[in-house]
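Engineer: Handing you this structure, nothing more for now.
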Amino acid sequence: LALVALGVALLAATALPYVGFLALYAWVRPSGSPAAKRPSEPTVSVVLPTYNEARIVENKLRDLVALDYPMEKVEIVVVDSSTDETPDLVESFFADRDAPASTLIREGDRRGLARALNDGYAAAENEIIVKTDCDARLAPDALREAMANFADPAVDGVTGRNAEVLGGSEVETDYRGIQSHIQTLESHLDSTFIFHGPFSAFRREAVVPIDPGSLADDSELALRIRRNGGRVVFDPAVAYMEAAHSAFAKRRKQKDRRAMGLVRLLVQQRDALGRHGRYGRVVLPFNWLFMLVSPWLLATGLAALVLGAVTTAGVAGLALPAALLAFVAAGSRDVLGPFQPFYALFDAQVSLLSAAVRLPLTST
Ligand code: GDD
């Protein structure tokens, strides 16, 4: 019974960051971007890294040039390390076009995304740099909405909201909904921690090189910029659509890789805790609790609960782990109804736990 009580206590402690978050949310009542937004049309360099994207790169470029923004103010920098015909397709796409201006960097070998981005950012010449992934689609007004944030001189970085998860992953859709609330609150308190690959924008003069081995390049750049005194915010009006795998194994792999990148970043930059205003005093500690502490509480809590149930009630105690397994297996909205958001959070915690376990093996 003591084990069961311990399990319940640990599981209850897992909920603590969320309770704290909800209380803060009710107090701050954040909505939209915290920046003093004004219509503004700075010059923009869109940096697009590509690795074997021949199937989709032309569509991506077509979407970019169709954005609601004066294209004579836009430059597209493609950093390519493909072994397929992606760079040739890029070249012919821009061959007869006056605007936007284009630069194609052909990297001889694949040296990793972070290195490619460092090169792309160094080549970009305009006032604002936007980084976007090939498999993400931007809303037509995404650039316009994002640039309005940079009219606020305190803002050096802007990221956007995943308005639709392409590929039909319900869990990912629910998780992104929760994340959007968290990031809005973080931005109103000071700055947000996570920057999203489908759309991240930075003031060029604030950009610094990132760790070439980074697995969370966008968030790392945002964090470095915040450490240097700039504000980095989430604006839900900046919308994009990102492909997420709905097949279980592929989704797990994608989520696990991202979780690993973020966990590693938090650990590497731990000296920022407690510094840099509310960013280091509230936002980073919340992310530590959510990403590093609560996955362990969840794992040990579940283990204690299962062990306690089995030692107390014998075979009948197996009903509890069986119910938990059924919950995990039923990660679908039809079955879980209003409990689906809990599953989305649970799903995130599983990725974070697997990242934490592998962290010592992969730390640089
Ligand atoms: N030049 C170059 N070199 N481009 C690359 C490389 C590389 O080695 N690897 C990937 N890319 C390009 C892809 O072609 C795509 O346009 C973009 O980088 C993102 O690659 P994905 O493979 O789709 O990334 P992901 O979905 O696993 O990772 C997401 O999260 C990361 C962590 O925050 C993306 O949003 C990444 O951009 C982000 O860094």
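Engineer: How about the stretch 165-215: which of its residues are among the charged types (D, E, K, R), over 14 Å from the mean Cα position of the chain (by Cα) and under 23 Å from PRO140 (Cα atoms)?
Structural biologist: Within the stretch 165-215, ARG203, ARG204 meet the criteria.
Engineer: So, one more: Quick one: PRO341 ticks every box in (1) at pLDDT 75 or above; (2) surrounded by fewer than 16 Cβ atoms within 10 Å (Cβ to Cβ) except a single one, so which number is it?
Structural biologist: (1)
Engineer: Within the stretch 253-265, is there a residue that is without any contact (Cβ under 8 Å) to a residue 60 or more places away in the chain, under 23 Å from GLY112 (Cβ atoms), open to solvent by less than 20 Å² (accessible area, probe 1.4 Å) and of a type in the set (A, V, I, L, M)?
Structural biologist: Yes - at least one qualifying residue is present in the stretch 253-265.
Engineer: Output the residues belonging to the stretch 118-135 that are more than 8 Å from the ligand (Cβ to nearest atom) and either in contact with a His (Cβ under 7 Å, 6 or more places away or on another chain) or assigned to a strand (DSSP E or B) (or both).
Structural biologist: Hits for the stretch 118-135 are ILE128, ILE129, VAL130.
Engineer: Sticking with this one: Does at least one position in the stretch 177-194 carry a residue that is within 26 Å of ALA66 (Cα to Cα), charged (D, E, K, R) and out of contact with any Gly (no Cβ under 9 Å at 6 or more places or on another chain)?
Structural biologist: Narrowing the stretch 177-194 to residues within 26 Å of ALA66 (Cα to Cα): none.
No, because not a single residue in the stretch 177-194 is within 26 Å of ALA66 (Cα to Cα), charged (D, E, K, R) and out of contact with any Gly (no Cβ under 9 Å at 6 or more places or on another chain).
Engineer: Then there's this: Does ALA206 satisfy being without any contact (Cβ under 8 Å) to a residue 60 or more places away in the chain, in contact with a strand residue (DSSP E or B) (Cβ under 6 Å, 6 or more places away or on another chain) and surrounded by fewer than 22 Cβ atoms within 10 Å (Cβ to Cβ)?
Structural biologist: Details: without any contact (Cβ under 8 Å) to a residue 60 or more places away in the chain: yes; in contact with a strand residue (DSSP E or B) (Cβ under 6 Å, 6 or more places away or on another chain): yes; surrounded by fewer than 22 Cβ atoms within 10 Å (Cβ to Cβ): yes.
Considered against the rule, which asks whether it is without any contact (Cβ under 8 Å) to a residue 60 or more places away in the chain, in contact with a strand residue (DSSP E or B) (Cβ under 6 Å, 6 or more places away or on another chain) and surrounded by fewer than 22 Cβ atoms within 10 Å (Cβ to Cβ), ALA206 comes out as yes.
Engineer: Quick check, is PRO236 touching a strand residue (DSSP E or B) at 6+ places or on another chain (Cβ under 8 Å) and at pLDDT 95 or above? Walk me through it before giving the result.
Structural biologist: Working: touching a strand residue (DSSP E or B) at 6+ places or on another chain (Cβ under 8 Å): yes; at pLDDT 95 or above: yes.
So PRO236 fits the description; yes.
Here is a yes/no grid of residues against (1) more than 30 Å from ILE56 (Cα to Cα); (2) crowded, with 18+ Cβ neighbours inside 10 Å:
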{"site": "CYS134", "(1), (2)": "no, yes"}
{"site": "PRO140", "(1), (2)": "no, no"}
{"site": "LEU143", "(1), (2)": "no, yes"}
{"site": "ASP156", "(1), (2)": "yes, yes"}
{"site": "VAL171", "(1), (2)": "no, yes"}
{"site": "SER187", "(1), (2)": "yes, yes"}
{"site": "ILE194", "(1), (2)": "no, yes"}
{"site": "PRO198", "(1), (2)": "no, yes"}
{"site": "PHE202", "(1), (2)": "no, yes"}
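Engineer: Of the residues in the stretch 136-176, how many are part of a loop (DSSP other than H, G, I, E, B) and in contact with a Pro (Cβ under 8 Å, 6 or more places away or on another chain)? Before you say what the answer is, go through the steps one by one.
Structural biologist: Of the stretch 136-176, the ones part of a loop (DSSP other than H, G, I, E, B) are 139-141, 150-154, 167-169.
Among the residues that remain, those that are also in contact with a Pro (Cβ under 8 Å, 6 or more places away or on another chain) are: 150-151.
Qualifying residue count, the stretch 136-176: 2.
Engineer: Residue by residue through the stretch 106-116, note down the ones that are out of contact with any Phe, Trp or Tyr (no Cβ under 7 Å at 6 or more places or on another chain) and near the ligand (Cβ under 8 Å from one of its atoms).
Structural biologist: Initial filter on the stretch 106-116 (out of contact with any Phe, Trp or Tyr (no Cβ under 7 Å at 6 or more places or on another chain)): 106-109, 111-116.
Residues satisfying the conditions are GLU107, ARG111, GLY112, LEU113, ALA114, ARG115, ALA116.
The values are calculated or read from the model by the stated rules, or taken from the named source; none is laboratory data. Note that the coordinates shown come from a computational prediction; the quantities given were computed from them, not determined experimentally. For neighbour counting, all protein chains shown are included, and Cβ atoms are generated from backbone atoms with ideal geometry for every residue, glycine included. Only protein heavy atoms, including side chains, enter the accessible area calculation; ligands, DNA and RNA are left aside. Shrake-Rupley method; radii C 1.70, N 1.55, O 1.52, S 1.80 Å.
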